Structures are given as structure tokens and as C-alpha cells.
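Where a number appears in this text, it was derived from the coordinates with a stated rule and is not lab data. In this text, all values refer to a predicted model and were calculated from it rather than measured experimentally. Please note: Cβ atoms are built from the backbone with ideal geometry, for glycine as well, and neighbour counts cover all protein chains shown.
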């Protein structure tokens with residue numbers, strides 16, 4: 001995630017709000033009744049495939065008003081000519097975006113978890129959309145290899161394990177981690193597990 005400085009990066013955890021969508025950040029407050037108008041398949045398509053295009057309802061760039069939050073989860077693409085699969089890791093993708101593809105020297109990465117539904121359910125706020133899954137989202141997307149999953153409106157703060165600051169070491173041509181800011185209020189995803197211990 002691109003943020004202006006360390007204080008802003010830590011504030012996402014320390015404020016106890018979590019990661020909010022640009023829509024929430026833009027308006028300052030949102031109402032439950034407004035969510036149905038924003039969580040639509042058309043808006044999801046705008047977020048994934050036309051992020052910088054004008055929002056049809058406001059004329060502003062959709063990137064400024066999107067109710068969705070992009071999460072890098074990694075994916076696998078197939079090279080049919082070479083008959084191989086290529087893995088695109090979540091970490092690599094997140095760091096490229098967090099540093100604006102190397103334009104910025106530092107970027108911030110949040111390790112978090114979200115629930116992903118087995119089918120498309122854009123209108124269900126608490127479930128993320130696995131837009132990288134070609135079995136569910138079959139329409140062509142030039143960005144499928146980014147391995148994106150989209151959360152909706154907000155990622156609650158207790159889903160965030162930590163924030164990490166990474167920087168691009170130009171001499172070594174690799175990313176290096178500078179620090180980790182843990183979240184003392186983190187709830188691990190295992191809390192939801194229905195797996196019982198064996199006797």
C-alpha cells in the first residue's frame with residue numbers, strides 16, 4: 001500500500017479502524033443503505049479493469065471512489081507454448097504495487113486475512129471476491145496475473161496481523177524489510193476453524 005510516511009502506515013492499525021476503501025476515505029462516513037448502490041458487478045468490473053477511468057455516476061476517477069480494496073493473494077498463470085505454469089507470489093505483487101512499480105523507494109505491506117466466498121457474491125459485504133479465479137470470473141481481464149482478491153468497504157483492524165515497511169535496495173536490486181509494526185488486537189483466522197482435535 002502506498003502511504004506518505006511511517007506514521008500514516010502505523011495509524012491504520014493504531015486508530016483501530018482498519019483498511020478502508022477509497023469510497024469511505026473520500027466521503028468520511030458512509031451509510032448502510034448506500035452500500036447496495038456501490039457493491040455491484042459493474043463497479044467490481046470498474047475496480048478490476050478500469051480503475052483510473054471516470055466513474056459513470058460522478059465523472060471522477062473510479063480509483064477515488066471505489067468501494068473495493070485490492071488484496072494481493074498471488075496466482076498461477078499458464079504458458080501453453082512452454083507447457084509450464086508460472087507462479088506470481090502475493091509478496092512480489094504487493095511490493096511492486098506498494099512502491100508504485102519501483103517509482104517510490106519504500107512501500108507498506110499489511111499481512112491480513114479475509115473471507116472469500118466460493119462463488120461470486122458482490123452484494124455480500126463480508127465476503128471478498130476472488131477475481132483471480134477463472135472458474136468464477138471467466139470474463140477476460142488483462143490483470144488476472146496479479147492474483148487479486150477484492151475486499152469490500154473495509155478490512156477490520158482485527159484481521160490485520162501487522163504492517164511492514166519495505167524498501168527497494170537499488171544496489172542489490174531487491175526488496176528489504178525495514179521494520180514490522182504488530183497489531184496487538186489481531187484475531188487469527190484459526191478462530192473460525194471448525195476442525196476439532198482428534199481424541
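General remarks:
- The packing ranking, built from the mean of other Cβ atoms within 10 Å per residue, places the peptides 49-57, 69-77 in the order 69-77, 49-57, highest first.
- Compactness index (Cα Rg / 2.2 N^0.38 Å), region 1-107: 1.28
- Antiparallel DSSP beta bridges within region 6-189, percent to nearest 5: 95 percent
- Gap separating the Cα centres of region 23-44 and region 169-187, nearest whole Å: 31 Å
- Globularity ratio of the chain, using Cα Rg and 2.2 N^0.38 Å: 1.08
- Average Cα contact separation per residue, the chain, under 8 Å, 6 or more apart, as relative contact order %: 24 percent
- Per-q log10 I(q)/I(0), region 1-54, q = 0.19, 0.20 Å⁻¹ (Debye; single scatterer per alpha-carbon; no solvent): -0.86, -0.92
- Helical content alone sets the calculated 222 nm signal of the chain at -5000 deg cm²/dmol, taking -39,500 (n - 2.57) per DSSP H segment of four or more residues and averaging over every residue.
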